Amino acid sequence: MTTLPLLLSAILAQAEHAGEAAAAVAERHGTEIAQAAHVSWLWLIPFFPLLGSAINTAFGPRLQKRYGKRAAHTVAVGAMVLSCIVAEVAFWKMFATPEHERFFEDHLWTMWQSGTLKVDLSFGVDPLGMLMTMIVTHVATLIHIYSTGYMADEPAYWRFFLWLNLFVFSMLLLVMGSNFVVMFFGWEGVGLCSYGLIAFWYTDIEKAKAGLKAFVVNRFGDFGFVIGLFILFWSLSGSWQDNRYVPDPGLANQKVLGAPAPAPRVSPAGVQLGPTMEFRELRNQISDESSGMSERLRDLTLWGMPVIALICIGFFIGATGKSAQIPLYVWLPDAMAGPTPVSALIHAATMVTAGVYMVARLNFLFALSPLAMTVVATVGCLTAIFAASIGFFQYDIKKVLAYSTVSQLGFMFIGVGVGAYWAGIFHLMTHAFFKACLFLGSGSVILACHHEQDMRKMGGLAKYTPITRWTYLAACWAIAGFPFASGFYSKDEILWKAWTAGGLSTPWIGHAIYVVGAIAALGTSFYMFRSYYMTFTGEYRGGHGHEDKERLEDPHAMAAHQHAAAAVTAPNDFAATADVVAATVPHQHGPDHAHDTHVHEDAHGGVPHESPNSMTWVLAALAFAAVVSGIIFGLPALWSGHEPLLEKFLAPSLPAAEKVPFAPASHSEELLFQFLGVAIAALGWITARTLYVDAKSQVPARLKESFARAWAVVYNKYYVDELYGATVIRFSLFLSRVLYWIDQNVIDSFVNFMGWVGRSVAYVDAAFDNYVVDGAVNGLADLIMNGGRTLRRVQTGHIQAYLFGALGGAIVFVILQYVIR
Amino acid sequence: MANGPQPGPPGALREAAMRGLAILASLLLGGGVILARLFSRAPATLETWVVFCLALYLALTAFLWGLNGFAFRRLPLSGIPLFLFSAAAFGVLFLLGYFVGGVAGPFLGDAASRIIPYVHIADAVFLLFAVMTIGGAAGTAFSRNIIYSAWSLLFAFLGVAGLYVFLGADFPAVAQVLIYVGGVLVLILFAIMLTKQIGEDPKLTNAHLDLPAGAALALITVATLTYMAFMAPWKTVASPSYEPTSAGLGVAFLTEYLLPFEFASVVLLAALVGAVVIARKEIKETSETVL
Amino acid sequence: MSSIGLPHFLAVGAALFALGMVTVVTRRNAVGILMGVELILNAANVNFIAFNHFVEGPGRLTGQVFSIFVIVLAAAEAAIGLAIVLAIYQTFRTIDVEETDLLRE
């Protein structure tokens, strides 16, 4: 263990020199062109989680059997802590680097090269990537620690941690990859891990289905991503002629396929042009005014459509899949089937923000296309209001948070869509804190209420779970946008930028987005405080056991109940172990199904209880971050006089931020909008308090009765799932039935025909084999036998005969070699 | 012509002398007549032709009569039969002479006069030697008698020596004659004599194993090598020299090729000793076996 | 200038070689085989001297030197060959090579 710091320091010292050299290069070319400093130890950040995952994969069951669960989580948490430390080192090193040199790269090796396509396995962090890396590593570490408490009863403990570590590894690939391909690996990797973790309790068919749904829906998005990438790669190809970057003729007109790549094409400012996978090179090509690449991309059309809009919308479709935007958001609420730490880590704090991160990462591309920006902002805005409205009436606490997440992601997309990239990222960061806190708080509540997720059966938890209550409340402040809490700064910044946005395709659309976004913010405030008041105030309405599970409306709770029965017969070695553990330890907080296994014989219960320390400390840390991160990082210029810290930090990563125009506005106007934001939050809070505090008011019930039909529509999520079921899925099923019929009747008969042909040919072949081949073989054998008999006479013993052969052979050789040629 | 051949020693001697004189006289007469005819400037008239033919007839008759004493002892020609025979012989010879002098002679002369200007004397000499060599070699190869083979080999060796001379290699030519003809050939003849019992086993003299196959191989070889000899682009010098080479060879043997020269002498010595050892040992064994 | 050139001599050499080869290959008489060997050596000599004359050029005598060595070796070979023939004759009581097929065994 002592060697590790030494190793780190040695690596650091080596990296210093590389950084200096790269800085000198950057100096020569000016700051417009981003130059990378080589930092050779960046790979350690994703490596440690991968290592942890590998160890748990290979040795997890044995370690857990021999040393207990402590071994599994020691490996996982240890890996995360190490990764965190390296990330910290990188962060402070970046902080110490001059602003325009904050591009750290770690090129490991070239994975493949084909023509102009060169794909490296390399990591690159600029300030944006660094911020994401920090968020991912730190939040993930906290959630790992939380999970040691939350998952304590899980028999397949090692499996949970291996998936979690693998997820962190994939997420780090996504945010640290210096090119599209590594990013895409991470993109797919997090999708896989998400699937594995949603369907963690895979013996429950509902949860397995939820995982499958997430996976399949994400495939639609990934298709868009890949298409966007292909078009981008295609559109970048060209050559530098007559001070102009002209498109390549394409493969069809090239003389030889696979001919060597054309000579490097370099713009006057020294930027290499052409197809690339590297973000930094792409950014340089577009940022470099002298290359004309941005004009070219803007003017290029494909089938009559502007290429840049196609590219951006393709990428954005990928983002809607990963970040749960309309129309591909449907998987996220179902993803709540996974363990709560997973919901917090993957489906709130990190993975679902990947789309936002990608749009911010490609800000220079999106900034070229007002159309694409408008699409992004509009979709984000619609998602925000839509998901918020669904969130109004949900009873399942995790569902409320899930729709809240979808809604908040919509806000982020408004931010990056209107060109306020830093604001979107800022909201991403604050959201990571407060939503992780909320989810973990909900997990704590669920544990406290014995795996009850229905808020109607909660209430009055404030006195049983004080720490959870205060942290939850703090996070609610933050998300609702109360003054001085982080959400206030980030959300207000986004909405303010939307109001003043000047880079969209239609001038008035910014105002429209503001209005809709403000309503969504009102809704956010309302449903968050609703969930708070329903959960923590009034009297405890829950039962003292699990006897009333049947009456639950929530399918997941039902599923959990079914799973409890399934777990008894689960073909898992650890299921039996779990039974023993659960029977001997009288009261342990664990996941629902493991808990349930002993419910049947011992209807345990009693009053709700506070969670163990490993969970409450994490909650406290996240709540603290949720409250203060806004003041620290995002204090607006209106208040402090200088631009926000985060904006300044992210500026090198967001070259397009300066180019997107915003309408000039006076300070008083901005101040007015801030008051408006506070008023909206307060309005939502007051409404929620009036209706739900202590569960005394009868208004909600009456309202529900008078608008029963509308309520049903909203409660059932506008029947979107049913709509998809009736259209996409039904069509798919119809198509599969058609294909099945074709398979059965056309392909099978063809196959049978081919089989008949094969049999016939085989008969012929057998005959051929018997008579021709065997005949040939036997004939050959006879020939050789007779030949041997004949040739035996050649062995005469006469030197002359041998000499005759030798001379004759020599002559034949001479004739063949020299005469005939 | 009344005195015919008489048996008995004194008469025989005189008769022989007379017949010899007759031959001499006939030759003189015939030759003189022919020469006179050939060199006479007078135009050929019928009288001269008659005289010429008569003189030749007489000369032939005398020649035959004279020969009768030596060559045709068992064919006594005298009197009328002699003249008749002489007339028949004359007729035949006349026709022959007429044919040669009047038909074939002019034809051949004409052909020769057309061909000879194109035939270099050197080429003729080369062809002579080449034919001699190849003929000798063919005799060696194909003769059924081992003695004939050996004598054919002599011609082959001599022809090769001639070719050497033709190529301006005087010393090798002489060495060829001395060593091959004088040494090797004699050795081979010795070998034949020591091994072959003439008349005892004729089958063994010089039979062939599989002559057609061998001949075919030879034919192919000759065709191939000749084709290559004529087709290959040889880098020949412009003007080959015909200087004597003995002095140059001597210098070369004692300077540049001294070591091989010494080795050659050692090889010769070893061959000498070896031949003696091999032959003597076998003879000793043989004597033991025989005795 | 004579039209007889190098190829003619090489042709003679080839003929000599081929006939020598025939002799060596087909003769049943061991002495005949010796004669064939002599013919082959002569063929080589003809080639040597022809090349010396036509290719090597004036003043160069390598070909002739080689031919002399070949003649020397031929003499030695003839002596040894005679001895061997005699040995064969003494052993087999014949010099018919058909009978001397010990290699067969």
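The values are calculated or read from the model by the stated rules, or taken from the named source; none is laboratory data. Model, not experiment: these values are computed from the prediction. All Cβ positions, even for glycine, are placed from backbone atoms using ideal geometry, and neighbour counts span all protein chains on display.
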So C:Ala11, is it at pLDDT 85 or above, within 24 Å of B:Ala229 (Cβ to Cβ) and either buried (at least 19 other Cβ atoms within 10 Å of the Cβ) or more than 7 Å from every other protein chain (Cβ to nearest Cβ) (or both): yes
Conditions (1) surrounded by 11 or more Cβ atoms within 10 Å (Cβ to Cβ); (2) over 30 Å from B:Val181 (Cα atoms); (3) without any contact (Cβ under 8 Å) to a residue 60 or more places away in the chain: number failed by B:Val103: (1)
Segment B:252-279, residues that are at the interface with another protein chain (Cβ under 9 Å from one of its Cβ atoms), farther than 19 Å from C:Gly81 by Cβ and either of a type in the set (Val, Ile, Thr) or in contact with a helix residue (DSSP H, G or I) (Cβ under 6 Å, 6 or more places away or on another chain) (or both): B:Ala252, B:Phe253, B:Tyr257, B:Phe261
Subset of segment B:142-166 [assigned to a helix (DSSP H, G or I) and either in contact (Cβ under 8 Å) with a residue 40 or more places away in the chain or among the aromatic types (Phe, Trp, Tyr) (or both)]: B:Phe142, B:Ile146, B:Ile147, B:Tyr148, B:Ser149, B:Ala150, B:Trp151, B:Phe155, B:Phe157, B:Tyr164, B:Phe166
Residue match in segment C:37-59 (condition: within 14 Å of chain A (Cβ to nearest Cβ), crowded, with 22+ Cβ neighbours inside 10 Å and out of contact with any Phe, Trp or Tyr (no Cβ under 9 Å at 6 or more places or on another chain)): no
Looking only at segment C:60-72, and only at residues there that are more than 7 Å from chain B (Cβ to nearest Cβ) and not in a loop (DSSP other than H, G, I, E, B), the one that is surrounded by the most Cβ atoms within 10 Å (Cβ to Cβ): C:Gly63
Residue selected from segment B:123-137 under the condition within 8 Å of chain C (Cβ to nearest Cβ) and crowded, with 20+ Cβ neighbours inside 10 Å, by the criterion farthest from C:Phe17 (Cα to Cα): B:Phe126
Selection within segment A:715-737 - among the charged types (D, E, K, R) and under 17 Å from A:Pro327 (Cβ atoms): A:Lys717, A:Asp721, A:Glu722, A:Arg730
Only listed residue being more than 60 Å from the chain's Cα centre (by Cα), within 14 Å of chain C (Cβ to nearest Cβ) and at pLDDT 85 or above, chosen from A:Ala801, A:Ala810, A:Ala781: A:Ala810
Those residues of segment A:104-116 which are out of contact with any Ser or Thr (no Cβ under 9 Å at 6 or more places or on another chain) and either among the hydrophobic types (A, V, I, L, M, F, W, C) or assigned to a strand (DSSP E or B) (or both), in sequence order: A:Met111, A:Trp112, A:Gln113, A:Ser114
Any helices (runs of 4 or more DSSP H) falling wholly within segment A:360-466 and containing at least 2 residues that are more than 21 Å from the chain's Cα centre (by Cα): A:370-391, A:397-418, A:421-448
Selection status of B:Gly135, of a type outside the set (A, V, I, L, M) and part of a loop (DSSP other than H, G, I, E, B): no
Helices (runs of 4 or more DSSP H) (entirely within segment A:602-701) containing at least 2 residues that are out of contact with any Cys (no Cβ under 7 Å at 6 or more places or on another chain) and touching a residue at least 40 places away in the same chain (Cβ under 8 Å): A:613-634, A:645-650, A:667-692
Which numbered condition A:Trp470 misses (of (1) surrounded by 22 or more Cβ atoms within 10 Å (Cβ to Cβ); (2) assigned to a helix (DSSP H, G or I)): (1)
Residue in segment A:722-732 that is farther than 30 Å from A:Val400 by Cβ and assigned to a helix (DSSP H, G or I) present: yes
Matching option when the condition is closer than 30 Å to C:Arg60 by Cα, at pLDDT 90 or above and within 7 Å of another protein chain (Cβ to nearest Cβ), among B:Ala161, B:Ala156, B:Ala173, B:Ala229: B:Ala156
Complete set of residues in segment A:718-739 that are surrounded by 12 or more Cβ atoms within 10 Å (Cβ to Cβ) and among the aromatic types (Phe, Trp, Tyr): A:Tyr718, A:Tyr719, A:Tyr724
The listed residue being modelled with pLDDT under 85 and either touching an Asp or Glu at 6+ places or on another chain (Cβ under 6 Å) or more than 9 Å from chain C (Cβ to nearest Cβ) (or both), out of B:Ile146, B:Ile198: B:Ile198
Selection count where residues are more than 20 Å from A:Val182 (Cα to Cα), in contact with a Lys or Arg (Cβ under 7 Å, 6 or more places away or on another chain) and among the hydroxyl-bearing types (Ser, Thr, Tyr), scope segment A:81-133: 0
Given (1) part of a strand (DSSP E or B); (2) buried (at least 19 other Cβ atoms within 10 Å of the Cβ), number of the condition A:Val86 does not satisfy: (1)
Unique match (being in a loop (DSSP other than H, G, I, E, B), more than 27 Å from the chain's Cα centre (by Cα), at pLDDT below 90 and more than 23 Å from A:Val418 (Cα to Cα)) among A:Pro507, A:Pro483: A:Pro483
Close pairs (6 angstrom Cβ cut-off, 6 or more residues apart or separate chains): more than 14 Å from chain A (Cβ to nearest Cβ) in segment C:80-105, modelled with pLDDT under 75 and part of a helix (DSSP H, G or I) anywhere: C:Ala87/B:Glu282; C:Tyr89/B:Thr195; C:Gln90/B:Glu282; C:Gln90/B:Thr286
Of all residues in segment A:98-111 being farther than 21 Å from A:Phe48 by Cβ and surrounded by fewer than 18 Cβ atoms within 10 Å (Cβ to Cβ), the one that is farthest from the chain's Cα centre (by Cα): A:Pro98
Verdict on B:Asp110 being acidic (Asp, Glu) and surrounded by 11 or more Cβ atoms within 10 Å (Cβ to Cβ): no
